[in-house]
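Asker: Have a look at the structure that comes next, please.
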Amino acid sequence: MPIQMQCCGLILMAILFYFYKSQKTIKLNTGRAFWRSFCMTFICIVSDILSCIVIVEQDRLPLVVVELVSKTYLVTLAGVTYFALLYICTDIYSTKSAYNRIMLRYGIFVAVAVILIYALPIHFYCDMSERVLYSYGASDYATYAFALTTIVIVSVRVIREKSKISGNRRMAVLTWLGVWVLAALVQFFNPKLLLVGFASALGMLVLYLKLENPGFNLDRQTGLFNHETFMQYANEYYATDRAFALLGISVPEGSFGTMRSELEEEFITEAAAYVMSLPNAIAFRNKSTEVLMLYPDMEKAEAGVKEIRRRFEKGWGKNAGIIVSPNWVYVSNSQVADNAEELLYLMRYIVRGSKRYAENRFFEVTSELAQELRSERETERLIMDALENDRVEVWFQPIFSTEEHMFTSAEALVRIRKEDGTLVPPAVFIEIAERNGMILQLGEVVFRKACAFLAKSGIQQYGIKYIEVNLSVVQCAYNQLANDYIKIMEENGISPSLINLEITESASMDARKTLLDNMNRLIDYGVTFSLDDFGTGQSNLNYIIDMPVEIVKFDKGMTTAYFENDKATYIMDAAMNMIRGMDLKIVAEGVETAEQFYMLESLGINYIQGYYFSKPLPADEFLKFVIGANQKTY
Ligand code: C2E
Ligand code: MG
Ligand code: MG
């Protein structure tokens, strides 16, 4: 009987079954769809063999049995192509409702096909001397028509929905269909070759090897699921609106000292086996040093997290000698984020933001944090957009000299102009730009614009001797700062004496070394420095002694406190004496009233900056202001 090909197909399926089932598989829609296709193909090959048998034995069997078995085989053939379509649809229609809709639509189509296949006549040809047997007739043609239509639909979908299906999957599915169509064509024109059953099994092999091998989902070293599998899970959960809880356990670099590799391996093996054995959670190795525990049932997460943390308090390895203190990041409800990428980003973000340093290094991702992150991202976009489209503006606030009774300097202050024309003040974006490093570019743009203004406006002839430009601590810690700024001054052809850079106190000693190198290079070149924000939280007098600054700027808070509070008066008097003793000049910022101005002037403060004279102004208005004001006397 010519069933050798089908038997080969069955053997192939058996081997595939063994490999597929002997590994840990993922319980997601694509995995399920593959498994359904696998079963359908198996049934199809078995039916194929059965139908060959009944056709050979047709003389001894009632016709109805022969017809029924043969037609059932045809139905399973149609079924294989239908399941192929569903398999593809799991990728395209990631939401459950869309998937169900498509399943229903094609389900009706299949039902019609099944009715037609069973209802239409079928005939058999069997010549055992030639080893040829096949069925033909309307029932057969209906099957081929249905299968062909489905294959065309699948191919069109795969090609049209390119963006939703990975390239790998597209190729695999098209290869599978290609093998199948080729076999069907050969069999159609040469009925001696019953290839379709074997080709279906080959198709499964292609899918298995390219896409569904459970080994792809696993991390080789630990046997935990890998990052890609986590993404598959999370994406499906998000797409189907299923909330979950997630715990991230990450071991900081350098946790294993000098004996790194040995201890690390011991720890990883033992800890991986432990997390894998835990109920209620699926464990993934997300990065080499990070494990994610996904709790499909959020209710069970909290207890699970407690248990794992308790286990980590004990040691690992021989004699429990390896103690590891990981960072814990817990998300009690995945819906704080809109998708898997954002969720992972939030988890990294909370650990990175050292301001929110948590006790026991346990961080919880809350919806407030997610909100904060979203607005931070929006601000990042705002900065990036302003940099790209030249919407960073520099405004100037005049500074009055009490000795010369005129405006002799100004502070350059950054603003961002939004697309709709509104202005965004620095309080909104400086901190964020510092955190993500954009301040380097932003600060440079401000400096370049301030230099260009000095070069172009000729404001020096109206009494302005220099412009103060703010430097962020991040810029001060950048070792190319001095070089870059000198180059910008050279490009604009301005004298360095026109520039005074405002620095603030920086905490880290490393940064201080770079700051001093930068300062010394710039001072050698001819630039001067001010210490900004004196009187706010951080400042101390030692810092003034250490830093080669010529001006100290009293913060608005300190200026106003002087008028309201005796203690502040003492502190400011003492600071003033000391600063004067060091031969430094003082700027009082935030002076808003005439009373404040006269008082500070009588105290001998060298410079006054504040709304009393003017708010920060755009470049052209500032120029007009200085031209007008420096002709008056105060
Ligand atoms: P800052 O350097 O201490 O600048 C003084 C701030 O006080 C300015 O706010 C100014 O408009 C405001 N101010 C001046 N006089 C008065 C007053 O009489 N009353 C009140 N209420 N406020 C007054 P602005 O422009 O919003 O800047 C805020 C901060 O943003 C600056 O504080 C500075 O730390 C930062 N910043 C501004 N521009 C830049 C820049 O180009 N680079 C860097 N790194 N930081 C900048
Ligand atoms: Mg300043
Ligand atoms: Mg200030």
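Asker: For residue 621 and residue 152 in the same chain, what is the full-extension length gain: residue separation times 0.36 nm, less their Cα-Cα distance, in nm?
Answerer: Result for the pair: 161.9 nm of gain on full extension.
Asker: Quick query: amide H of residue 586 versus all other amide H atoms, modeled in the peptide plane; which residues come in under 5 Å with a sequence gap of 5 or more or a different chain?
Answerer: 552, 606, 607
Asker: Further question on the same structure: Through the Karplus equation 6.51 cos²θ - 1.76 cosθ + 1.60, θ set to phi - 60°, convert the phi angles of segment 163-170 into ³J(HN,Hα) values in whole Hz; use x for Gly and Pro.
Answerer: Those phi angles translate into 5, 8, 10, 5, x, 4, 5, 4 Hz.
Asker: Could you work out how far helix 260-277 tilts from the main Cα principal axis of the chain, as a 0 to 90 degree angle to the nearest 10?
Answerer: Between the helix axis and the principal axis of the chain, the angle is about 60 degrees.
Asker: Right, next: So for 8, 52, what's the accessible-area order with a 1.4 Å probe, most first?
Answerer: From most accessible down to least: 8, 52.
Asker: Another question about this same structure. Among the DSSP beta bridges whose two residues both lie in the chain, what percent are antiparallel, rounded to the nearest 5?
Answerer: 60 percent
Asker: Per-residue HN-Hα couplings for segment 366-382, Karplus 6.51 cos²θ - 1.76 cosθ + 1.60 at θ = phi - 60°, whole Hz, x for Gly and Pro?
Answerer: Using θ = phi - 60°, the values come out as 9, 6, 5, 4, 4, 5, 4, 4, 4, 6, 5, 5, 4, 5, 4, 4, 4 Hz.
Asker: Could you check how many percent of all C-alpha pairs in segment 17-98 are farther apart than 21 Å?
Answerer: 46 percent
Asker: Give me the extension gain from residue 631 to residue 435: residue separation times 0.36 nm, minus the current Cα-Cα distance, reported in nm with one decimal. Spell out each step's value before the answer.
Answerer: Details: separation 196, 0.36 × 196 = 70.56 nm, distance 4.35 nm.
Length difference between fully extended and current span is 66.2 nm.
Asker: Here is a further query. So, counting K/R as plus one and D/E as minus one, what does the shell of residues with Cβ under 15 Å around residue 55 add up to?
Answerer: With Lys, Arg at +1 and Asp, Glu at -1, the neighbours total -3.
Asker: Another question, if that's okay. Would you mind classifying segment 377-624 by shape? Square roots of the alpha carbon gyration tensor eigenvalues, ordered a ≥ b ≥ c; an a/c under 1.5 is rounded, otherwise it is prolate if a/b is larger than b/c and oblate if not. Spell out each step's value before the answer.
Answerer: Details: a/c = 1.42, a/b = 1.29, b/c = 1.10.
Judged from the Cα gyration tensor, segment 377-624 comes out rounded (a/c under 1.5).
Asker: Just read off the accessible area of residue 585 with the full protein assembly in place, 1.4 Å probe, to the nearest 10 Å².
Answerer: 80 Å²
Asker: I've got another one for you. Going down the list 21/287; 418/456; 513/553; 287/418; 71/164; 210/300, which pairs span over 29 Å between their C-alpha atoms?
Answerer: As for pairs spanning more than 29 Å Cα to Cα, those are 287/418; 71/164; 210/300.
Asker: Name the GluC sites (Glu not before Pro) in segment 57-146 that are in a loop by DSSP and that have at most 14 other C-beta atoms within 10 Å, would you?
Answerer: 57, 130
Asker: Cα centroids of segment 515-530 and segment 137-213: how far apart, whole angstrom?
Answerer: 72 Å
Asker: Taking 0.36 nm per intervening residue step and subtracting the Cα-Cα distance, what contour gain separates residue 228 from residue 302 on full extension?
Answerer: Numbers: separation 74, 0.36 × 74 = 26.64 nm, distance 2.52 nm.
Length difference between fully extended and current span is 24.1 nm.
Asker: Still on this model: Loop only by DSSP, 11 or fewer other Cβ within 10 Å of the Cβ. Give me the GluC sites (Glu not before Pro) in segment 416-489 that pass, ordered by residue number.
Answerer: Numbers: sites: 419, 431, 434, 444, 468; in loops: 419.
Answer by residue number: 419.
Asker: So, one more: For residue 394, what accessible area in Å² do you get when you roll a 1.4 Å probe over the heavy atoms of the protein chains, rounding to the nearest 10?
Answerer: About 20 Å², rounded to the nearest 10.
Asker: I've got another one for you. Kindly provide the GluC sites (Glu not before Pro) of segment 214-259 that DSSP labels as loop, not H, G, I, E or B, and whose Cβ sees at most 12 other Cβ atoms within 10 Å. The partial results should precede the final answer.
Answerer: Values: sites: 228, 236, 253; in loops: 253.
Counting only loop positions with at most 12 other Cβ atoms within 10 Å, the GluC sites (Glu not before Pro) in segment 214-259 are 253.
Asker: While we're looking at this one, here's another question. Taking just the alpha carbons, could you work out the radius of gyration and Dmax for segment 120-177, both in angstroms?
Answerer: 17.3, 53
Asker: In segment 218-365, what % of DSSP beta bridges are antiparallel (nearest 5)?
Answerer: Antiparallel bridges: around 80 percent, rounded to the nearest 5.
Asker: Report, in cubic angstrom per residue, the convex hull volume of the C-alpha atoms of the chain.
Answerer: 228 Å³
Asker: Just to confirm the number: angle between the C-alpha axis of helix 509-525 and the first principal axis of the chain, 0 to 90 degrees, nearest 10?
Answerer: 50 degrees
The values are calculated or read from the model by the stated rules, or taken from the named source; none is laboratory data. Here the structure is a predicted model, which is why all the values come from computation and not from measurement. Because the Cβ atoms are built from the backbone with ideal geometry, glycine has one as well, and the counts that use them run over all protein chains shown. Remember, those area values only see protein heavy atoms, side chains included, never the ligands or the DNA or RNA. Shrake-Rupley method; radii C 1.70, N 1.55, O 1.52, S 1.80 Å.
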